[in-house]
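The values are calculated or read from the model by the stated rules, or taken from the named source; none is laboratory data. Values in this document were obtained by computation on a predicted structure and should not be read as measured data. Methodologically, a virtual Cβ is constructed for each residue, glycine included, from the backbone with ideal geometry; neighbour enumeration extends over all protein chains shown. Remember, those area values only see protein heavy atoms, side chains included, never the ligands or the DNA or RNA. Shrake-Rupley method; radii C 1.70, N 1.55, O 1.52, S 1.80 Å.
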Amino acid sequence: MDTWQIQCLLSFLGHYRDPVDGLWGPKTKQAVGNFQRAAGLTPDGVPGKDTQQSLLLAVGRWEPGSFWDSISYFRREEFRCRCGKCGGFPAEPQEALVRLADRVRANFGAPVTVSSGVRCPRHNQAVGGVSNSRHLSGQAMDFSVRGVSAAKVLSYVQGLPGVRYAYAIDSNFVHMEIG
């Protein structure tokens, strides 16, 4: 793939927000790194074979007209299982959860990093998740809001309709689930 093609795919997936010009530069490298991070790859900013295959796979799974079209701040790839073995989506991130995440992002006006979205059973066990974790069904996420304490995020999240359960994992990260 050339730089123009990579920029087009990254733009389509929401990782590259500048004009597609086919010129390799720091913004393209950063967008590649952001995509790699969301796809569970090593975020080195280099669009090698694995990254190119993941880009094509991500675009191929895009469903025009799905709820993702109306999500402002997140892309499906950010919720993928991080094990690197299951294909990333043993379950789909649930729309209600993603919409709540969008509300959190809009409320704080700061980037939200999803540290754990969907999990396959193997990854869930490896990270010490409970056997009936809502991560397994795409109904839970762990995340942080840049520059905002978990206590402040948790206070806001607990007041949102549709949140079944939420807690602070540590001083930065919050667990939020629907159900």
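In the chain, the calculated helix contribution to ellipticity at 222 nm averages -10500 deg cm²/dmol per residue, counting -39,500 (n - 2.57) for every DSSP H run with n ≥ 4. Within the shell of other residues whose beta carbon sits under 14 angstrom from the beta carbon of M141, the net charge comes to +3, with Lys and Arg scored +1 and Asp and Glu -1. Taking a ≥ b ≥ c as the square roots of the eigenvalues of the Cα gyration tensor, the range 1-72 is classed as prolate, since a/c reaches at least 1.5 and a/b is larger than b/c. Here's the list of lysines a cross-link from K49 could span, going by alpha-carbon distance under 21 Å and ignoring same-chain residues fewer than 8 apart: K27, K29, K85.
With all protein chains kept in place, the per residue accessible area of the range 1-153 amounts to 51 square angstrom at a probe of 1.4 angstrom. Near S116, the amide H atoms lying under 5 Å from its own belong to D142; only residues 5 or more places off or on other chains count, and H is placed 1.01 Å from N. Along the range 81-98 the Karplus relation, 6.51 cos²θ - 1.76 cosθ + 1.60 evaluated at θ = phi - 60°, assigns HN-Hα couplings of 4, 8, 5, x, 10, 8, x, x, 9, x, 8, 8, x, 6, 3, 4, 5, 5 Hz to successive residues, with x for each Gly and Pro.
For the pair the range 45-101 / the range 121-179, the C-alpha centres are spaced 19 Å from each other. Phi-derived couplings, Karplus 6.51 cos²θ - 1.76 cosθ + 1.60 at θ = phi - 60°, listed residue by residue for the range 106-123: 5, 4, 8, x, 9, x, 10, 9, 7, 8, 7, x, 5, 10, 7, x, 5, 5 Hz, with x used for Gly and Pro. Computing FRET efficiency as 1/(1 + (r/R0)^6) for K49 and Q125, where r is the C-beta to C-beta distance and R0 is 35 Å, gives about 0.75.
With a cut-off of 20 Å on the backbone N, the residues of the range 98-112 near the modelled label site 7 Å out from K152 along Cα-Cβ are 101-112.
Using a/c under 1.5 as the rounded threshold, could you call the range 1-125 rounded, prolate or oblate? The axes a ≥ b ≥ c are square roots of the C-alpha gyration tensor eigenvalues, and prolate needs a/b larger than b/c, oblate otherwise. Here the range 1-125 falls in the oblate category. Mean separation of Cα pairs under 8 Å and 6+ residues apart, divided by the residue count of the range 36-147: what relative contact order is that in percent? About 25 percent, as a whole number. The alpha carbon gyration tensor of the range 128-179 gives principal lengths a ≥ b ≥ c with a/c of 1.5 or higher and a/b no greater than b/c, which makes the shape oblate. Computed extension length for L160-E95: 21.9 nm, one decimal, from 0.36 nm per residue of separation with the Cα-Cα distance subtracted.
A full extension of the chain between D102 and S66 corresponds to an added length of 11.4 nm, given 0.36 nm per residue minus the alpha carbon distance.
Summing Lys, Arg as +1 and Asp, Glu as -1, what charge do residues with Cβ under 15 Å from the Cβ of S171 carry, S171 excluded? Result for the local shell: 0. Listed values for the range 14-21 are Karplus-derived 3J(HN,Hα) couplings in whole Hz (6.51 cos²θ - 1.76 cosθ + 1.60, θ = phi - 60°), namely x, 8, 10, 10, 8, x, 6, 10, and x replaces Gly and Pro.
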